[in-house]
Amino acid sequence: MCSPPGACRTRGWNGLDAPGARPDLDGMPKIEIYVQDFCPYCARAVALFQKKGIPFEEKYAPHGSANRAEAVERSGGRTTVPQVFIDGRHIGGSDDLLALDRAGKLDPLLAA
Ligand SMILES: N[C@@H](CCC(=O)N[C@@H](CS)C(=O)NCC(=O)O)C(=O)O
């Protein structure tokens, strides 16, 4: 679900927009990151997936947007961004994501 249309985009391993069908995404885990502008924590989460070469969907979720409300609901009430989901599973914010990575528990979730 992406509202309004255009508020979400898929970014490839190199961080460039990857619009339209992406056959190369078949079998990859579905990464969703809710973000807003001027958000260093969002940039940190995005940079981790870029470093790992994992494409992800960036959902633009500024205050008051439908995407922000969706992020709050899906995360069980977390009001900050980023909020990260892997195959629908809530991972948390940037600190949670990096802690998971440091613990060696992120890569297994990303293995196709
Ligand atoms: N510990 C959180 C911090 C996230 C955070 O503070 N994000 C800021 C934006 S960079 C935020 O959402 N602030 C509250 C707001 O904008 O309403 C994390 O690691 O994700």
Could you look through the stretch 1-21, keep only residues that are loosely packed, with under 15 Cβ neighbours inside 10 Å and among the aliphatic types (A, V, I, L, M), and pick out the one that is modelled with the highest pLDDT?
1
Which pairs turn up if I take residues in the stretch 48-74 that are over 16 Å from residue 97 (Cα atoms) and look for partners that are among the aliphatic types (A, V, I, L, M) with beta carbon separation below 6 Å, at least 6 apart in sequence or on another chain?
60/7; 61/71; 61/81; 67/7; 67/61; 68/61
Helices (runs of 4 or more DSSP H) completely within the stretch 57-112 that count 1 or more residues being under 15 Å from the mean Cα position of the chain (by Cα) and over 16 Å from residue 45 (Cβ atoms):
66-74
Residue satisfying all of: in the stretch 22-56; part of a loop (DSSP other than H, G, I, E, B) and within 13 Å of the ligand (Cβ to nearest atom); surrounded by the fewest Cβ atoms within 10 Å (Cβ to Cβ) among these
38
Among the candidates 53, 64, 104, 93, residue that is within 22 Å of residue 5 (Cα to Cα) and of a type outside the set (D, E, K, R)
64
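The values are calculated or read from the model by the stated rules, or taken from the named source; none is laboratory data. Because the structure is predicted, anything quoted here is derived from the model rather than measured. Don't worry about glycine lacking a Cβ; one is built from the backbone with ideal geometry, like all the others, and counts go over all protein chains shown.
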